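The values are calculated or read from the model by the stated rules, or taken from the named source; none is laboratory data. What you are looking at is a predicted structure, and each value in this text was computed from that prediction instead of being measured. FYI the Cβ positions are ideal-geometry reconstructions off the backbone, even for glycines, and counts take in every protein chain you see. Side chains are part of the model used for accessible areas, which takes the heavy atoms of the whole protein and leaves out ligands, DNA and RNA. Shrake-Rupley method; radii C 1.70, N 1.55, O 1.52, S 1.80 Å.
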Amino acid sequence: MFNDRTDAGEQLADRVVREGVTADVVLAIPRGGLPVGRPVADALGVPLDVVVAKKLGAPGNPELAIGAVGADGSVWLNDDLIDRLGVDEAYVERERERQAEAAREKAAEYRGDEPIPDVAGDRVVVVDDGIATGATTIACLRQVRNAGASRVVLAVPVGSPRSVEQLSDEADGVLYVEVPPYFSAVGQFYRVFEQVPDEVARTYLNEET
């Protein structure tokens, strides 16, 4: 159990340092990933920036993710769920384009016109406050990989066992503080898990390392 996202970030930073991880940059997934990512970036002595993705909602149920897309268009699709729901290809393409644009706009709010910094050849640590389905996380990891990063490590305070296993195929390494066997939602492992407004999340980018 974590007190809040800052506490989770500090515990995650300890784990990252113990594992001997080295990095050139930490990329946090907004919004909740930023207060977690700040202690990790500080511990590694590297800049903190963002990487953004948006989930693709199912027809009539936008909260049900049938996939996710990054600001650069990198996409992950849950093909089994798409087939089971009978979602047609035209809908998926429309939703992909719409959410990719939303991801680009969100990235621009945080760091200008470029969705992520130039990470070609860099060692990158991607951080979020936890992993439930992992859809947006996969899209973020693929985005960083497509940008030419030499090594991509995912670091999270908590995640579901199934998602952590799945994400191990997307990253060069996955680090976590807890992977509880009984997992229903990320927020159940935080005493305080309030929404982080964009204006508050952006302040973590401006702090000194």
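In the set GLU93, GLU97, only one residue is among the charged types (D, E, K, R) and farther than 20 Å from LEU141 by Cα; that residue is GLU93. Of the residues making up segment 53-85, those that are closer than 17 Å to ALA103 by Cα, open to solvent by 10 Å² or more (accessible area, probe 1.4 Å) and of a type outside the set (Gly, Ala, Ser) number 8. Taking the condition over 13 Å from PRO157 (Cβ atoms) and open to solvent by less than 60 Å² (accessible area, probe 1.4 Å), does ALA13 pass? Answer is no for this residue.
When segment 18-40 is filtered for residues that are of a type in the set (Gly, Ala, Ser) and under 28 Å from GLU101 (Cβ atoms), the ones remaining, listed by number, are ALA28, GLY32, GLY33, GLY37. When GLY73, GLY37 are checked against the criterion of being under 18 Å from VAL126 (Cβ atoms) and assigned to a loop (DSSP other than H, G, I, E, B), GLY73 stands alone in meeting it.
Within segment 68-96, residues that are over 14 Å from LYS55 (Cα atoms) and among the β-branched types (Val, Ile, Thr) sit with their Cβ atoms under 7 Å from residues that are crowded, with 17+ Cβ neighbours inside 10 Å and at pLDDT 90 or above, at 6+ positions apart or across chains, in these pairs: VAL87/ALA58; VAL87/ILE66.
Mind listing whichever residues of segment 125-142 are in contact with a strand residue (DSSP E or B) (Cβ under 6 Å, 6 or more places away or on another chain) and within 20 Å of ARG202 (Cβ to Cβ)? Listed by number, the residues that qualify are VAL125, VAL126, VAL127, ASP128, THR136, CYS140. Within segment 150-161, residues that are more than 14 Å from VAL17 (Cα to Cα) and acidic (Asp, Glu) have Cβ atoms under 8 Å from residues that are modelled with pLDDT under 95 and open to solvent by less than 20 Å² (accessible area, probe 1.4 Å) in no pair, counting only partners at least 6 apart in sequence or on another chain. Pick from VAL50, VAL21, VAL40, VAL36: which is touching a helix residue (DSSP H, G or I) at 6+ places or on another chain (Cβ under 8 Å), farther than 23 Å from PHE189 by Cα and buried (at least 24 other Cβ atoms within 10 Å of the Cβ)? VAL50 is the lone residue from the list that is touching a helix residue (DSSP H, G or I) at 6+ places or on another chain (Cβ under 8 Å), farther than 23 Å from PHE189 by Cα and buried (at least 24 other Cβ atoms within 10 Å of the Cβ).
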